[in-house]
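Everything below concerns the one structure shown next.
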Amino acid sequence: QVHLVESGGGLVQPGGSLRLSCVASGSISAINIMVWFRQTPGNQREMVARIARDGGANMADSVVGRFRISRDNAGNTIYLQMNSLKPEDTAVYYCNANSGPDSYWGQGTQVTVSS
């Protein structure tokens, strides 16, 4: 079992920055990849960024050059640094961890970009 807790969301003006954190606990040594998703009302969750055990990372085209995913040395916390935020980045952001056939989700954190 893996437990995920996100934090760092909030209200920010367009052009501003936020950093989201996701702390994993439990069987973290079995995690292969961790992913940030986001979801707006009425829409499916979309992948924003992911980072693998070996550190390889991928970003969605919509956030390339503005967002960056990273993790701490212990491997149990990942971050999503979000810069140059736009109103269309407004969403609930979820942390996801994959461990073999199992997939775990955090409770989500709201990001609102508005003036």
**Number of positions in the stretch 15-36 that are modelled with pLDDT of 95 or more and either loosely packed, with under 13 Cβ neighbours inside 10 Å or within 12 Å of V111 (Cβ to Cβ) (or both)** = 7
**Prompt:** Does S114 fit the bill of being touching a helix residue (DSSP H, G or I) at 6+ places or on another chain (Cβ under 7 Å), open to solvent by 10 Å² or more (accessible area, probe 1.4 Å), in contact (Cβ under 8 Å) with a residue 24 or more places away in the chain and polar (S, T, N, Q)?
**Reply:** yes
**Prompt:** Could you list, in sequence order, the residues of the stretch 100-115 that are of a type in the set (S, T, Y), closer than 16 Å to G8 by Cα and under 14 Å from the mean Cα position of the chain (by Cα)?
**Reply:** T109
**Prompt:** Can you pull out the residues in the stretch 37-67 that are open to solvent by less than 60 Å² (accessible area, probe 1.4 Å), part of a loop (DSSP other than H, G, I, E, B) and modelled with pLDDT of 95 or more?
**Reply:** T40, A60, R66
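Just one of L85, L80 is out of contact with any His (no Cβ under 9 Å at 6 or more places or on another chain), part of a loop (DSSP other than H, G, I, E, B), more than 15 Å from S103 (Cβ to Cβ) and touching a residue at least 60 places away in the same chain (Cβ under 8 Å); which is it? Quick ask: steps written out before the conclusion?
Working: L80 fails: part of a loop (DSSP other than H, G, I, E, B).
Going through L85, L80 in turn, just one is out of contact with any His (no Cβ under 9 Å at 6 or more places or on another chain), part of a loop (DSSP other than H, G, I, E, B), more than 15 Å from S103 (Cβ to Cβ) and touching a residue at least 60 places away in the same chain (Cβ under 8 Å): L85.
The values are calculated or read from the model by the stated rules, or taken from the named source; none is laboratory data. Treat the numbers as computed from the prediction; the structure is a model and nothing was measured. All Cβ positions, glycine included, derive from the backbone under ideal geometry; neighbour counts span all protein chains shown. These area figures cover heavy atoms from the full protein model, side chains too; ligands, DNA and RNA do not enter into them. Shrake-Rupley method; radii C 1.70, N 1.55, O 1.52, S 1.80 Å.
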